[in-house]
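The structure appears right after this line, and notes come after that.
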Amino acid sequence: GCDSLMTLNLTINNSYTGSVDITACDSLVWDSVTYYSTGSYTNSYLNINDCDSIVTLNLIINNSSATSLDIIACNDYEWDGVVYDSTGSYTNSYLDINSCDSTVTLNLTISTGSINALNITACDSFDWDNVTYDSTGSYTNSYLDIDGCDSIVILSLTIVTGSSDSLDVTACDNYSWDGVV
């Protein structure tokens, strides 16, 4: 029946609740789990005082991108300071506005144009591209091919001039000439 005095030395350890905002490219590994999409994810932990701690991950996933360019060029093509002179696929990587990888593939077709020969024999004259030629020789014209590249055509022209002769014939009753009586 005597008074007892008891002193309680109490320490209250509070739980922790917090959040983490992270922006990542393509995926993020958080506590051994890989996340591929934007969202809020919550994990529970025990803090050093064995109290619950809840952490929310506010995740934004920005995806990398891949695009392609289809280019037809004459003789060569310059892309990002590099000159390409043969047909093929070439890839460059960049960082996009979100600092994620952006891959661009250049599908390049190199057209070198062409040189073609045209051998013509004509009587008296020959019309080519609205020009009348009346003497034997070589003539050159330039065109743009289907790809927009220079295409050269060399005309080797032989002009044969016609002749006129007369034939003096004396015949009785009728005469057959070139199948005509």
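Modelled spin-label separation between Leu167 and Ile22, with each label point placed 7 Å from Cα along the Cα-to-Cβ direction: 10.4 nm. GNM remark for the chain: springs join alpha carbons under 10 Å apart, and the peak mean-square fluctuation among Ser99, Ser53, Ser166 falls on Ser166.
With the charge dipole of the chain set up from +1 on Lys and Arg Cβ and -1 on Asp and Glu Cβ about the Cα centre, the Cα lying farthest toward the positive end among the listed residues Gly88, Ser64, Tyr36 is that of Tyr36.
The candidates Cys149, Cys2, arranged from most to least accessible area with a 1.4 Å probe in the full protein assembly, appear as Cys2, Cys149. Summarised in one figure, the compactness ratio Rg/Rh of the stretch 77-181, Cα atoms and Kirkwood Rh, is 1.48. Solvent-free Debye calculation, one equal scatterer per alpha-carbon of the chain: log10 I(q)/I(0) at 0.11, 0.12, 0.15, 0.16 Å⁻¹ equals -0.85, -0.90, -1.03, -1.08. Estimated at 0.36 nm per residue, the fully extended path between Asn43 and Asp85 surpasses their Cα-Cα distance by 9.6 nm. Of interest is the spacing of the C-alpha centroids, which for the stretch 48-69 and the stretch 149-167 amounts to 79 Å. In a fully extended conformation the segment linking Tyr94 and Ile154 would gain 17.0 nm over its present Cα-Cα distance, using 0.36 nm per residue. Each residue of the stretch 21-30 was assigned a 3J(HN,Hα) from its phi angle through the Karplus curve 6.51 cos²θ - 1.76 cosθ + 1.60 (θ = phi - 60°); the sequence is 9, 10, 10, 9, 9, 6, 6, 9, 9, 10 Hz, with glycine and proline shown as x. Split the chain at each of the chymotrypsin sites (Phe, Trp or Tyr not before Pro) in a DSSP loop with at most 13 other beta carbon atoms within 10 Å, and the longest piece is 37-174. Among the cysteines of the chain, Cys2, Cys51, Cys123, Cys172 have no other cysteine beta carbon within less than 4.7 Å of their own.
In the context of the full set of protein chains, the stretch 90-148 has a per residue accessible area of 67 Å² (1.4 Å probe). When the Cα positions of Cys149, Val160, Tyr139 are compared along the charge dipole of the chain, Cys149 comes out farthest toward the positive end, with charges on each C-beta of Lys, Arg, Asp and Glu. Taking the protein heavy atoms of the chain in the context of the full set of protein chains, the accessible area attributed to carbon and sulfur is 49 percent at 1.4 Å.
The values are calculated or read from the model by the stated rules, or taken from the named source; none is laboratory data. If you're wondering where the values come from, they're calculated on a predicted model, not measured in any experiment. Please note: Cβ atoms are built from the backbone with ideal geometry, for glycine as well, and neighbour counts cover all protein chains shown. These accessible areas exclude ligands, DNA and RNA; they are computed on the full protein's heavy atoms, side chains included. Shrake-Rupley method; radii C 1.70, N 1.55, O 1.52, S 1.80 Å.
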